[in-house]
């Protein structure tokens, strides 16, 4: 077992517990004043938890469609009908969709109820459940409505990964690929369990410095500008992490187009993505103009097209990228 501590500048602290068979640590993460736990999950998850206090299960729909304001309204109404109070706790049990929805519902119900996450997918364990970013989608784009709401703790039981569907695992690997470029760590030389722990540590280190994404935390969105655009323009059966993998290739090619990195660094990106057997090209059915429109609605886009790009000093936020360079680079990932 590994316990990674988040110690935020705001004074909030909480543990992320990573290991095999750690579900039984859940009761120790619940706030002492909690009398009841609202368990937010999905029917397909199949992970039974015991909080040690009165609990009730609230199921949400599967898929990205569940990340909506409609789901939040239905969930909060169900909380109110049960009589959930500000002194109780919400427990999100599932992948990134569940932790985003449960976290945002907890942040807004009664203006803030404690939340604990039990992350059951690779993507949730290394990214979505850690760091307090919650949100839902609008028709105009991904995660455009949300809140920063830190959990009281996170459980990452690695046993839950053994039954993950292949595409869910691949989606998590897309996020894991991102961590290969955030630091100088040689993740490719580590065992998978060690990669997961290190990814949690890297995210914790960044969030500890920048809880509300005013600077360095934005680097965790590497590969997400195009990735989110791909997800926003239509349902093509591409999971989040798979879209991020394509976005990582695109970001590397764009950095090369702008003269920020050499071709060897681009090839390194391709080697990492291909080592996880992830997609590297934008499906031909997706129109360039649709992608361009979606990228202008990206949360980082304060000044025209904005990307996280690799460069001589590592990853940086690059604003005001010219459209001609963006279009030219899209041809390289077709």
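The values are calculated or read from the model by the stated rules, or taken from the named source; none is laboratory data. Note that the coordinates shown come from a computational prediction; the quantities given were computed from them, not determined experimentally. Ideal geometry is used to build each Cβ from the backbone, glycine not excepted, and the neighbour counts take in all protein chains shown.
A compact table of results
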quantity	calculated
Among (1) crowded, with 18+ Cβ neighbours inside 10 Å; (2) more than 20 Å from residue 161 (Cβ to Cβ); (3) over 22 Å from the mean Cα position of the chain (by Cα), the one test that residue 49 misses	(2)
Qualifying residue in segment 105-118 (condition: in the same structural domain as residue 54 (by TED's automatic domain parsing) and within 11 Å of the chain's Cα centre (by Cα))	no
Subset of segment 11-36 that is in a loop (DSSP other than H, G, I, E, B) and in contact with a helix residue (DSSP H, G or I) (Cβ under 9 Å, 6 or more places away or on another chain) - its residue that is surrounded by the most Cβ atoms within 10 Å (Cβ to Cβ)	22
Condition met for residue 63 (modelled with pLDDT under 95 and within 30 Å of residue 230 (Cβ to Cβ))	yes
Any hit, segment 307-326, residues being within 26 Å of residue 236 (Cα to Cα), surrounded by 15 or more Cβ atoms within 10 Å (Cβ to Cβ) and out of contact with any strand residue (DSSP E or B) (no Cβ under 7 Å at 6 or more places or on another chain)	no
Number of the exception - residue 125 against (1) more than 17 Å from residue 14 (Cα to Cα); (2) buried (at least 23 other Cβ atoms within 10 Å of the Cβ); (3) in contact with a strand residue (DSSP E or B) (Cβ under 7 Å, 6 or more places away or on another chain); (4) in contact (Cβ under 8 Å) with a residue 60 or more places away in the chain	(1)
Count of residues meeting criterion [without any contact (Cβ under 8 Å) to a residue 24 or more places away in the chain, closer than 26 Å to residue 67 by Cβ and part of a loop (DSSP other than H, G, I, E, B)] in segment 142-200	1
Residue check, residue 277 touching a helix residue (DSSP H, G or I) at 6+ places or on another chain (Cβ under 8 Å), modelled with pLDDT under 95, assigned by TED's automatic domain parsing to the domain that holds residue 262 and within 15 Å of residue 243 (Cα to Cα)	no
Set 226, 219: member being out of contact with any strand residue (DSSP E or B) (no Cβ under 7 Å at 6 or more places or on another chain), modelled with pLDDT of 95 or more, farther than 17 Å from residue 96 by Cβ and in a helix (DSSP H, G or I)	226
Selected residue (criterion: nearest to the chain's Cα centre (by Cα)) from residues of segment 56-74 that are under 11 Å from residue 102 (Cα atoms) and in contact (Cβ under 8 Å) with a residue 40 or more places away in the chain	67
Condition check for residue 81: more than 21 Å from the chain's Cα centre (by Cα), surrounded by fewer than 22 Cβ atoms within 10 Å (Cβ to Cβ) and within 25 Å of residue 239 (Cβ to Cβ)	no
Qualifying positions in segment 138-156 - over 16 Å from residue 5 (Cα atoms) and surrounded by 22 or more Cβ atoms within 10 Å (Cβ to Cβ)	142
Condition met for residue 236 (crowded, with 23+ Cβ neighbours inside 10 Å and either closer than 20 Å to residue 330 by Cβ or assigned by TED's automatic domain parsing to the domain that holds residue 68 (or both))	no
Of the criteria (1) out of contact with any strand residue (DSSP E or B) (no Cβ under 8 Å at 6 or more places or on another chain); (2) at pLDDT below 95, which one residue 137 fails	(1)
Candidates 136, 130, 98, filtered to the one that is in a strand (DSSP E or B), outside the structural domain of residue 226 (by TED's automatic domain parsing) and either farther than 25 Å from residue 165 by Cα or in contact with a helix residue (DSSP H, G or I) (Cβ under 8 Å, 6 or more places away or on another chain) (or both)	136
Criterion: farther than 21 Å from residue 62 by Cβ, surrounded by 24 or more Cβ atoms within 10 Å (Cβ to Cβ) and in contact with a strand residue (DSSP E or B) (Cβ under 9 Å, 6 or more places away or on another chain) - qualifying residue of 116, 90	116
